[in-house]
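None of the figures in this text is laboratory data; all of them are computed from the coordinates on show. In this text the structure is predicted, and so the values were computed from the model without any measurement. With ideal geometry, Cβ positions are generated from the backbone for all residues, glycine too; neighbour counts draw on all protein chains shown.
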Amino acid sequence: MNLQFKLLPIFLLSLALSLSLVSCSEKKEEVIQNQTKEEVIEEKSNEKIILFFGNSLTAGYGIEQDLAFPGLVQARLDSLGENYKVINGGLSGETTAGGVGRIDWFLEDEPAIFVLELGGNDGLRGIQLSETKKNLLTIIDKVQTKYPETKIILAGMQIPPNMGPEYSQEFQSIYPEVAKEKGVTLIPFLLQNVGGIKELNLPDGIHPTEEGHKLVFENVWEYLKEEI
């Protein structure tokens, strides 16, 4: 018999074994890939939510959203390996009344931590202080009623004395009053070391620059890290 024909069965057997090994290897790799995808999906589903609910300060008016303080919070959490997803619910021009109107839409998913930053526009517009306080209480009530386990942080705000010193002082006092009444954590002044400092704000003198947001982030992180 020709030597070529004698070697043919051996060659075919070797080829079959090789194909079988390749097939097993591919299947094993596919299983590993699927497991990895499943783990990623599971990790995503287990992400805890931090919802920042506010106005243009939260939205990052005038700068890239990732550079606003909520985005900086996400970056810090990622660097620490914490499984949190930050949602930026900031809307430029938002008042506390507007916040009452749209909060339900943001509560479809339970936030582990809810940071409320509203009221500044009320103060700049001279809205009745009792109305501002009532709206802040209402927003917190909605969160606490739907999600009793959610930790709530209220960002305190101050305004220039344009409306008179008495109005400004009463406005500032709303935040500790609301925090005490509802038993939530208070950031005494969100814009500490930023508000009124020209080089840390945009030309409008109200909204922080990128550098300003870094300091706002530190103000927020001081209290937020205790709730993580």
ask   = Roughly speaking, what is the stretch gain from Ala97 to Asp204, that is 0.36 nm per residue apart minus the C-alpha to C-alpha distance, in nm to one decimal?
value = 36.1 nm
key: Point-to-point label distance, Glu218-Glu64, nm (Cα→Cβ direction, 7 Å offset)   = 2.2
key: Inter-probe distance in nm under a simple model that places probes 7 Å from Cα toward Cβ, at Glu108 and Ala75   = 2.9
ask   = From the Cα gyration tensor of the range 164-228, with a ≥ b ≥ c the square roots of its eigenvalues, which class applies: rounded if a/c is under 1.5, or else prolate if a/b is larger than b/c, or else oblate?
value = oblate
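At R0 = 41 Å, how high is the FRET efficiency between Glu82 and Ser130 if r is their beta carbon distance? Nearest 0.05 is fine.
That gives a FRET efficiency of 0.60.
If I take R0 = 25 Å and measure r between the Cβ atoms of Ile49 and Thr138 in this structure, what FRET efficiency does the formula 1/(1 + (r/R0)^6) give, to the nearest 0.05? Each step should come with its number before you reach the end.
Details: r = 21 Å, r/R0 = 0.85.
So the FRET efficiency works out to roughly 0.75.
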query = For the range 83-228, max minus min Cα coordinate along each principal axis, in Å, sorted largest first?
reply = 38, 34, 25
ask   = So for the range 56-128, what are the equivalent ellipsoid semi-axes in whole Å, largest first, each being the square root of 5 times an eigenvalue of the Cα gyration tensor?
value = 25, 16, 9
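Using mean Cβ contacts within 10 Å as the protection proxy, how do 114-127, 76-89 order, highest first?
Numbers: 114-127: 23.3, 76-89: 15.1.
Listed from highest to lowest mean packing, they are 114-127, 76-89.
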query = What's the extension gain from Tyr167 to Glu227 if we count 0.36 nm per residue and subtract their Cα-Cα distance?
reply = 18.4 nm
task = Considering Cα pairs under 8 angstrom that are at least six residues apart, work out the relative contact order of the range 54-158 and quote it in whole percent.
result = 28
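Mean separation of Cα pairs under 8 Å and 6+ residues apart, divided by the residue count of the range 53-104: what relative contact order is that in percent?
Worked out over the range 53-104, it gives 48 percent.
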